[in-house]
Amino acid sequence: MSTLEIKDLHVSIDTEQGTKEILKGVSLTIKTGETHAIMGPNGSGKSTLASTIAGHPRYNVTGGTITLDGEDVLAMSVDERARAGLFLAMQYPVEVPGVSMTNFLRTAKTAIDGEAPSLRHWTKDVKAAMAQLRIDADFTQRNVNEGFSGGEKKRVEILQLELFKPRFAILDETDSGLDVDALKVVSEGVNRAHAEGNMGTLLITHYTRILRYIKPDFVHVFVDGQVVEEGGPELADRLEEEGYDRYAKGAGAASIAAAAAAAQA
Amino acid sequence: MTDITTEKARIGAPSAQPFINGFTEEGESLSPINSAESKAPLAGASAKSHSHGGGVGIPDSSRAGRLTSYNLADFKPLTGMEEDWRFTPLKRLRGLHTDALTGTAPEVLVTAPLGVLVETVDRNDKRIGSAAIPEDRVSANAWENFTEATVITVPAEAQVTDEISVLITGQGTEASAQHIVIEAKKFSKAVVVLDHQGTAVVSQNVEILVGDGADLTVISLQEWHDDSVHASSQQAKLGRDAKFKHIVVSLGGDLVRMTPSARFTATGAEVELLGLYFADAGQHLEQRLFVDHSVANCKSNVLYKGALQGKNAHTVWVGDVLIRKEAEGTDTYEANRNLVLTDGARADSVPNLEIETGLIEGAGHASATGRFDDEHLFYLMARGISEEVARRLVVRGFLNEIIQKIKVPALEERLTAAVERELAATNN
């Protein structure tokens, strides 16, 4: 049983107009076996939270802590976090020209496990996982994400999730841009990984659609860099009906501005 | 000539001339320098004064106007101010541009499958000069001084599956001259690897003839010792529907200057010019290529990629592509990418595209020189891969794009290993 604990997290980025605070005191605790959904309008800081947990250099933590079973995650480099068991399925996976998927997957698996996987089992595992996610076998010969469609990139992220077996998976809008068939395939992959019982999941999404396939235990609503409401799965149903508007009305001036900006974007 | 007029003349803009001289019915402007006498330098009845006295036109304005001659005396001594020498440290040429090249030429050892003809001939052989004509003083110096040449002939319709290996081993630091002729006769198919090793100071001319419908790949691999100086003019002449792939791989040597070129003599031909170079501290690796589209409906594609690391590592890439008035239906693209791995390295990149007709399929050029892409690094590191390994993967990946196109498995493995050694040298 592991615990990922985020306490009073403040995060800012440097922009041309100066420093901008995006997360304004976020607290969240996820345990093995739990699925947490983070929902919120565009620009509310959901993806910033995901990237900050993974350690993207663009985001500066100005206050608060992130710990994994008591270990200071913020003190770890990006690769150390991954080896400690954190996995970020990215919203926009980048193409890495010239690096084949085969080479990449094996290198990453070796780094995470601390030893090279047995070649025979590994090849079999990769093939099986790819088949379940309906990824063509020839993808292993292609370069990482190069020329993949949006849906293919997302499926390949989930392929990595299934192969690397992290302790905590953070899915950053994995559902956006997917058609319903791809959404099902991807959700099944996440559910398979979750069913093994050794993983906690943080599911970041703009839409409630994916929650029909992946059942959250907790739902947190993000507005303007803060959690404004928390609850069980029923909260997602309510969001489905009412949208995010009521948060903007009830919250302070700053969040109304954020909601307005989001509406324009 | 001022910079501005040079530039205008180069792109053939009408404003370089008084009024609208040079306009045609297509509305495209033609540089008057080329309009009347425009013919490929080696194509049939050349209008250029090709063997004596240099070419027509204005030097340094259009690539077509460059002086070409078999006579060393036609080329003025180099000052380093010349457009095509301005990046080259002449002091490090070790006399290739000034001295008689009387040193022992690198030894040539050809291993060829049955059916391929390998000959050593004297300089009066009629095939000498059939594909190339020197375009600079160093090349002309080699032409003046070489004593014998190696001629490799792939007979008509021969399909040679194993590569033809040409091991070229340097014989020391005395300035020398070398001449090689490669001819793929019509409908033949072959791969030739020029494998440069050891220590040499050499100016080399390689003539390449690709016959009608032939498919030839020439790979020039420079893995010289650190004290070597190598200038190589590799000129190809293509027949109708010929396919030519040329790959430069420069890794070793103090100064390596490659000048590959491709000339079309009939329609339907395709060239692919690829290059990979990896410069370490103090190395100067230069590549200047020329694709001369002088006939209609030919294709060319150029991609050179380089990595640099260490103090005073210097690479130069200049890509000249000329689409002449008569080369309608041309399709061409050239690109150069450089990855600078450390401070103190310098990459010069100059893509030049001259277009004298608008009736083409496509023409493009691109160049980018940069450091690591942080997003690539982040993606790999977010999968547990350490920064050191991630950087190595990215560089390997960057250069692999060229290696993957070689399609000779043994050579691909060897080059991958060579790139690994380069990377290991500075822990990148």
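The values are calculated or read from the model by the stated rules, or taken from the named source; none is laboratory data. None of the values given here were measured: they were computed from a predicted structure. All Cβ positions, even for glycine, are placed from backbone atoms using ideal geometry, and neighbour counts span all protein chains on display.
Of all residues in region A:54-78, those that are more than 17 Å from B:Asp374 (Cα to Cα) and part of a strand (DSSP E or B) total 10. Considered as a group, the residues in region A:54-72 that are within 10 Å of another protein chain (Cβ to nearest Cβ) and in contact with a strand residue (DSSP E or B) (Cβ under 7 Å, 6 or more places away or on another chain) include one that is modelled with the lowest pLDDT, and that residue is A:Arg58. Residues in region A:35-53 that are in a helix (DSSP H, G or I) and either within 12 Å of another protein chain (Cβ to nearest Cβ) or among the hydroxyl-bearing types (Ser, Thr, Tyr) (or both): 6 in all. Only one entry of B:Ala410, B:Ala327 meets the criterion of being over 15 Å from B:Gly275 (Cα atoms) and modelled with pLDDT under 90, and that entry is B:Ala410.
One residue is enough: does region A:240-247 have a residue meeting the conditions crowded, with 20+ Cβ neighbours inside 10 Å and at pLDDT below 95? Within region A:240-247 (the criterion being crowded, with 20+ Cβ neighbours inside 10 Å and at pLDDT below 95), the answer is yes, since at least one residue qualifies. Taking region A:146-166 as the range and being touching a strand residue (DSSP E or B) at 6+ places or on another chain (Cβ under 7 Å) and either buried (at least 22 other Cβ atoms within 10 Å of the Cβ) or at pLDDT 95 or above (or both) as the test, the residues that pass are A:Glu157, A:Ile158, A:Leu161, A:Phe164, A:Pro166.
In region A:79-182, counting only helices (runs of 4 or more DSSP H) that sit wholly within it, the ones holding 2 or more residues that are under 24 Å from A:Thr32 (Cα atoms) and β-branched (Val, Ile, Thr) span A:101-113, A:150-164. Sort out which residues of region B:62-111 are outside any loop (DSSP other than H, G, I, E, B) and closer than 27 Å to B:Val192 by Cβ, and write them in order of number. Those that are outside any loop (DSSP other than H, G, I, E, B) and closer than 27 Å to B:Val192 by Cβ: B:Arg63, B:Asp84, B:Leu93, B:Glu107, B:Val108, B:Leu109, B:Val110, B:Thr111.
Just for region A:73-82: of the residues that are at the interface with another protein chain (Cβ under 10 Å from one of its Cβ atoms) and buried (at least 20 other Cβ atoms within 10 Å of the Cβ), which one is nearest to A:Leu28 (Cα to Cα)?
A:Arg81
Within region A:102-115, residues that are in contact (Cβ under 8 Å) with a residue 24 or more places away in the chain and more than 8 Å from chain B (Cβ to nearest Cβ) sit with their Cβ atoms under 6 Å from residues that are surrounded by 16 or more Cβ atoms within 10 Å (Cβ to Cβ) and among the hydroxyl-bearing types (Ser, Thr, Tyr), at 6+ positions apart or across chains, in these pairs: A:Thr102/A:Thr140. With respect to being surrounded by 14 or more Cβ atoms within 10 Å (Cβ to Cβ) and either under 27 Å from B:Phe290 (Cβ atoms) or modelled with pLDDT of 95 or more (or both), B:Ala112 fits the description. The set of residues from region A:206-236 being closer than 23 Å to A:Leu68 by Cβ and surrounded by 15 or more Cβ atoms within 10 Å (Cβ to Cβ) comprises A:Ile214, A:Pro216, A:Asp217, A:Phe218, A:Val219, A:His220, A:Phe222, A:Gly225, A:Gln226, A:Val227. Of all the residues in region B:372-411, those that are away from chain A (no Cβ under 13 Å) and buried (at least 16 other Cβ atoms within 10 Å of the Cβ) number 3. Considering only residues in region B:217-237 that are more than 15 Å from the chain's Cα centre (by Cα) and touching a residue at least 60 places away in the same chain (Cβ under 8 Å), the one that is surrounded by the fewest Cβ atoms within 10 Å (Cβ to Cβ) turns out to be B:Glu223.
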